[in-house]
Amino acid sequence: MTEGWLYIQAEVYPALLKGFWVSLQLIAPSALLGLAIGIMVGVLRIYGNRPVMAAANTFVAIFRGIPLVVQLFIWYFGLPHIGIYLSPFVASVLGFSLCSGAYHSEYIRGALLSIKRGQMLAAQSLGFSKVRMIISIILPQAIRRALPGCGNEIIYLIKYSSLAYMITCIELTGQGKILASNSFKYTEVFLMIGACYLVMTSVATIVLGRMEERLRIPGFEHRRT
Amino acid sequence: MTTPILRIENISKRYGKKDVLKGASLDVNKGDLKILIGPSGAGKSTLLQCINFLVKPDEGRIWLDEQEVHYANKRDLYAYRQKVGMIFQDFNLFDHLTALENVRIGMVRVKGMGKAEAGERAVLELERVGLKEHMQKYPAQLSGGQKQRVSIARALAMDPKVMLLDEPTSALDPELIGEVHAVIRDLGNNGMTMIMATHQIGFASSLASEILFMEDGRILERGTPDKIFNHAENARTQEFCSKITELYGERG
């Protein structure tokens, strides 16, 4: 028993802590960038002209349609062939943001379509330009409506951030893999890793819930079950 | 001789093979209240939407204050729309903004006024339509009549020269029509120039400077309320007016 504790204290704890930080550093920028890309692409898919719309749709088809691991391999192992070298960290954030953005854009697109056309006519009749109308009238409503879906995507992101270790960005799962292959204590190590992810997703759920609460205004309530 | 504040000449609009407007022309003088009546599908709504280019007409020209509106030029179009307020049948308030913010946002985002100044003006406009005490409420918390009054305040805050009202009371419970009519009557008494499509002919005949009967994309007949409702020349006008009088009565 004491031997087990010693192992945890001396090796598991510091390694997992280090991995945990790397994971957070991967997730935070990817979540923000992904959301920004999602909003932009979502808007272009609805309000862009024909070629822009087609380009945005193609973007989603590619980044939602190719397995994320494959995308990461291309960024990290493929790009050097054309002379572009990305660090494992940058390649991971890039891969996560683009993939996450493709999914976010789907939620944003749905929310944009749910905004009544009449409000756009009203905005135009007041002299709003199209861009200004989208920014001040449409998006504030669409984002409120898309929030539950986008929150879901951020939870997914937390979990698929574990793929970064496949391109040698040693985050939480990567540290676990190293520990476990050294000690063969797969069950113990990965149970702890699973718990760490559960903590992250639970905190994210609470934060997202608070955000929804704060942005809630009469007429935009989501029915909770 | 007064020159018209708004001149609409030969506006036509076609959707696919259907001609919705077949050359409607109209001169509006300052302080006029022109009422458009006619059956559904006559083109009243399309004409109003063409006047501020929410629907782009296929043909026709429009002058405001003797300046022709070149709507293909975005800047001209946005400037023109600020001077032509529009009221919709289903209010079209911005759902994520309070009554006050609904009235303020156009002044801030389009006219570039400061928030504080625009806020003061918004309170004044809401007071004018009798909603000062409801200014912090969201559209979902307002009745239909209140929403329509907010939308009128929102349009007025832009200092329009002309107001277009597209059946402003058609979506309202009968009990709520009166409060909106009172606001519109008040506007008319203060000299606002208006073009309004409505079925409320009692109200229309008590206020209108001219009634225009539209059918099938054309203005078939025009004249004073007395002429249109009692001595119409066109058989279709007579028929429509007698039917609508039966439905909506003489009371305003």
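Excluding B:E125 itself, calculate the net charge of residues whose Cβ lies under 12 Å from the Cβ of B:E125, where each Lys or Arg counts +1 and each Asp or Glu counts -1.
+3
Counting only protein heavy atoms and a 1.4 Å probe, tell me what percentage of chain A's accessible area is made up of carbon and sulfur.
68
What is the mean number of Cβ atoms from other protein chains located within 10 Å of the Cβ atom of each residue in peptide A:202-209, rounded to a whole number?
0
Net charge near A:G110, counting Lys/Arg +1 and Asp/Glu -1 over other residues with Cβ under 15 Å of its Cβ?
Combined, the nearby Lys, Arg, Asp and Glu give +4.
In whole percent, how big is the carbon plus sulfur part of the accessible area of chain B, probe 1.4 Å, protein atoms only?
45
Restricted to Cα positions, what overall size does region B:6-248 have along the principal axes? Three whole-Å values, descending.
Ordered largest first, region B:6-248 gives principal extents of 54, 43, 33 Å.
Suppose accessible area is computed on protein heavy atoms with a 1.4 Å probe; arrange A:R145, A:R50, B:R61 from highest to lowest.
Order by accessible area, largest first: A:R50, B:R61, A:R145.
What residue among B:L97, B:A42, B:S206 has its Cα farthest toward the positive end of the dipole of region B:6-248, where the charges are +1 on Lys, Arg and -1 on Asp, Glu, each on the Cβ?
Going by the Cα projections, it comes out as B:L97.
Show me the ranking of peptides B:145-151, B:197-203 by mean Cβ neighbours inside 10 Å, starting with the highest.
Going by the mean number of other Cβ atoms within 10 Å, highest first, we get B:145-151, B:197-203.
Determine the per residue accessible area of chain A with all protein chains present and a 1.4 angstrom probe, expressed in square angstrom.
Dividing the accessible area of chain A by its residue count gives 53 Å².
Restricting to Cα pairs below 8 Å that are 6+ residues apart, what does the relative contact order work out to for region A:1-110? Please round to a whole percent.
Relative CO of region A:1-110 lands at 42 percent.
Could you report the buried accessible area between A and B, both sides summed, computed with a 1.4 Å probe and given in Å² to the nearest 100?
Buried: approximately 2000 Å² between B and A.
By the gyration tensor of its Cα atoms, with a ≥ b ≥ c the square roots of the eigenvalues, what is the shape of chain A: rounded for a/c under 1.5, prolate for a/b over b/c, or oblate?
Since a/c reaches 1.5 but b/c is at least a/b, the shape of chain A is classed as oblate.
Excluding B:S45 itself, what net charge comes from residues whose Cβ is under 13 Å from its Cβ, given Lys and Arg +1 and Asp and Glu -1?
-1
To the nearest 10 square angstrom, what accessible area does A:S162 show with a 1.4 Å probe?
Solvent-accessible area, nearest 10 Å²: 30 Å².
For region A:107-143, list whatever residues lose no less than 40 Å² of accessible surface once every protein chain is in place, relative to that chain by itself, with the probe at 1.4 Å.
Residues losing area: A:Q119, A:L121, A:A122, A:Q124, A:S125, A:L126, A:G127, A:F128, A:R132, A:S136, A:I137.
Inside 10 Å of the C-beta atoms of B:83-96, what's the mean count of C-beta atoms belonging to other chains?
Average neighbour count from other chains, rounded to a whole number: 5.
Can you give the average number of partner chain beta-carbon atoms within 10 Å of each beta-carbon in peptide B:154-160, as a whole number?
2
What accessible area per residue, rounded to a whole number of Å², is obtained for region B:56-128 using a probe radius of 1.4 Å?
Per residue, region B:56-128 has 49 Å² of solvent-accessible surface.
Could you compute how much accessible surface A:F77 exposes when probed at 1.4 Å, giving the result in Å² to the nearest 10?
Surface open to solvent at A:F77 totals about 100 Å².
Using bins 10 angstrom wide from zero, how does P(r) for the protein assembly as shown break down, in % of all Cα pairs?
4, 16, 21, 18, 13, 10, 8, 5, 2, 1, 0
The values are calculated or read from the model by the stated rules, or taken from the named source; none is laboratory data. Given the structure is predicted, the values throughout are model-derived calculations rather than measurements. In this analysis, Cβ positions are derived from the backbone assuming ideal geometry, glycine residues included, and neighbour counts consider all displayed protein chains. Side chains included, ligands, DNA and RNA excluded: accessible areas come from the protein's heavy atoms. Shrake-Rupley method; radii C 1.70, N 1.55, O 1.52, S 1.80 Å.
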